[in-house]
Amino acid sequence: MKPIHSKLSLLALVAIMASCGGDSEKESSTTTPAEVDLSEFTSKQMTGVEQIEIDVDLDAAIQRLSKAVTFKTISNQDRDDFDTEAFANYHKFLEESYPNVHRELKKEVLGDPRPYSLLYTWEGTDPSLEPALFYAHQDVVPVPEESRDQWNQDPFAGAIADGYIWGRGVLDDKNQIHGILEAAEMRIAEGWKPSRTIYFVFGQDEEVGGHEGARYIADVLEERGIERFAYVMDESAPLTPGIFPGIPDNTALIGIAQKGFISLEIAISGVGGHSSQPPTESNIGILAKAITKLEEAQFPYKIHPAVRHQYRYMGPEMHEAQQPMYAAVAFGKDDELTDLEQEFINEMAENQVTRAMLHTTIATTMFNAGIKDNVLPPTATAVVNFRPMPGDSPEVIIQHVKDAIDDDRITVRDISASTPATNIANPESDGYKMLEKTIRQIYGNDLIVAPFFVIGGSDSKHFQARDFAPDVFTITAIQLENVKEFEGFHGVNERILVEEYARTIGFFYQILGNLEDME
Ligand SMILES: [Zn+2]
């Protein structure tokens, strides 16, 4: 299920730029800026943060990340292909590489039906404080045989060459696992202890939905009675110049909400029979009509609160001509729609990627019926995949489907391990501010920091969909040189700059300390 991966969210951003960036400039000039009060639409960028440098033993850390790449912890869609030995060996390597962590923290190996996800608990000195959680995943996407010859280095050799460390997982997402563990190892060596309890969760199946690992661990933590996490962080977009079209500057995007996932089987069971004497309507014909009716009954477009947050932060950094529209989106109210908001929706709806930010999507992905040319099939089934917006629960979606089809002969059944859309993390919260401060301490002030709505999702959706983790923030703490480098994410020549990995470690080292300042 690669589409649920955060890569899609990134592509979405690029598409937003394509649809709302360039084109809208001329259109915006035809609207009347007087409709919106721009005096409040001022920059939300944090100022006055001093940049710092954290000393790390980069050579040793690079050797460990390089070695990590050689464990083929691949997630195939066929779950029978799960390589238990690769994961077990990787766990052993982690244990040997980070002795302080494995002495000071409690490690549990969890998952259902296969236990290969890691939960580390770093007990805090003050049990009254809400805990924090850092998420990353062990699994990587496969390297298709036909793309092998496009790699400059063997994708599983962990090559260090030309100033980069190369290989599958080095950007998605072993860099984060090792960045976190290197930072913890350094902190423990200094005798540091956290006040609040800190969890590290490293899942085994993020690339195929996270049901075995992240979801199971979210259940475990919920059962242990954790009422609320003060801070949860997971991967998403890396820091990249120009990642948000319209903003050429270096940009750090912080995911604040993720869409859900549900698949419904839509079926008809009736009388089959011989094709020489067909009824007026076949099962295939009835089901085809039902799907056509459903596709015509799209969920209505609306501007999601997470999208309003996104444009509140990004808008003031963008071209002046576009600001009335973005201000209208940022300050708009959910129960009314202004002309400028409608204009925004129209532009977003023109592109299939940005359109997905506006509503629950409907995608017919499977259609099965019939086995022989002279036999009328007694059953016909289709599968439709939905990516719900917040508020569109499975019940709401099933009712929508039944109303659209309006045919009692058709049955509708939830066949997925569905995931609801998540909560929306608050960009005005202490957690967001602490994260932005950490980003600026490590990466400086010559960059834009902004929240955004993730139309895909990563494993933290299993936490953020629950009341105990409303404030989940997603970002990958690595600086890329340009947007092109992002192509390695699930693609060929996945690599990161050796020098930048030092700042990844510094970032996690610093955020552990900054967590102490949160209430
Ligand atoms: Zn990932």
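The values are calculated or read from the model by the stated rules, or taken from the named source; none is laboratory data. Predicted model, so just to flag it, every value in this text is computed and none were measured. Positions of Cβ are generated from backbone atoms using ideal geometry, with glycine treated the same way; all protein chains shown enter the neighbour counts. These area figures cover heavy atoms from the full protein model, side chains too; ligands, DNA and RNA do not enter into them. Shrake-Rupley method; radii C 1.70, N 1.55, O 1.52, S 1.80 Å.
Starting from the Cα gyration tensor of region 221-299, take the square roots of the eigenvalues, sort them a ≥ b ≥ c, and report rounded, prolate or oblate (rounded when a/c is under 1.5, otherwise prolate if a/b is larger than b/c, else oblate). Verdict is oblate for region 221-299. Protein heavy-atom surface of the chain, 1.4 angstrom probe: 48% of the accessible area is carbon and sulfur, with nucleic acids and ligands not counted. Stretched out straight at 0.36 nm per residue, the stretch from Glu40 to Asn346 would grow longer than its current Cα-Cα span by 107.7 nm.
Could you give the Stokes-Einstein D for the chain in µm² per second, using the C-alpha Kirkwood radius, 10 °C, 1.306 mPa s?
On the way: Rh = 24.4 Å.
Here the translational diffusion coefficient equals 65 µm²/s.
Entry comment: accessible area of region 51-102 is 54 Å² per residue, from protein heavy atoms only and a probe of 1.4 Å.
Pairs spanning more than 24 Å between alpha-carbon atoms, out of Lys433/Lys461; Lys106/Lys433; Lys72/Lys107; Lys174/Lys433: Lys106/Lys433; Lys174/Lys433.
Ordering Ser282, Ile505, Phe486 by Cα displacement along the dipole of the chain toward the positive end leaves Ser282 in first place; charges were set at the Cβ atoms of Lys, Arg (+1) and Asp, Glu (-1). For Lys92, a cut-off of 18 angstrom between C-alpha atoms picks up these aspartates and glutamates, skipping any fewer than 8 places away in its own chain: Asp83, Glu104, Glu108, Asp139, Glu182, Glu185. Rounded to the nearest 0.05, the FRET efficiency derived from the C-beta distance between Glu499 and Ser418 at R0 = 35 Å is 0.25.
Mind putting a number on the dipole of region 347-470 about its Cα centre? Charges go on the C-beta only, +1 for Lys and Arg and -1 for Asp and Glu, and I need it in Debye to the nearest 20.
Values: 11 positive and 16 negative charges, 70 e Å.
It comes to approximately 340 debye.
Solvent exposure of region 297-418, expressed per residue, is 47 Å² of accessible area, with all protein chains present and a 1.4 angstrom probe.
As a calculated quantity, the FRET efficiency between Thr338 and Asp517 at R0 = 41 Å, using C-beta atoms, amounts to about 0.55. Give the separation of the Cα centroids, region 437-460 to region 163-189, in Å. First find each Cα centre; the distance between them is then 18 Å.
In order along region 181-194, phi translates into HN-Hα couplings of 5, 4, 5, 5, 4, 5, 4, 5, 4, 7, x, 6, 10, x Hz, rounded to whole numbers, per the Karplus curve 6.51 cos²θ - 1.76 cosθ + 1.60 with θ = phi - 60° and x for Gly and Pro.
Computed from label points 7 Å out along Cα-Cβ, the spacing between Gln399 and His274 is 4.7 nm.
Please work out, to two decimal places, the log10 of the ratio I(q)/I(0) at q = 0.21 Å⁻¹ from a Debye calculation in which every Cα of region 125-224 carries one identical scatterer. With one equal scatterer per Cα and no solvent, log10 I(q)/I(0) is -1.13.
In straight-distance terms, cross-link reach from Lys333 covers every one of the aspartates and glutamates whose alpha-carbon lies under 13 Å from its own, apart from those fewer than eight places away in the same chain; here that gives Glu341. In the full protein context, region 466-519 carries 32 Å² of accessible surface per residue, based on a 1.4 Å probe and ignoring ligands, DNA and RNA.
Taking a 1.4 Å probe, which of Asp392, Asp162, Asp78 shows the most accessible area, and what order do the others take after it?
Final ranking, largest accessible area leading: Asp162, Asp78, Asp392.
How much length is gained on full extension from Arg148 to Asp57, taking 0.36 nm per residue of separation minus their Cα-Cα distance?
Values: separation 91, 0.36 × 91 = 32.76 nm, distance 3.24 nm.
So the extension gain works out to 29.5 nm.
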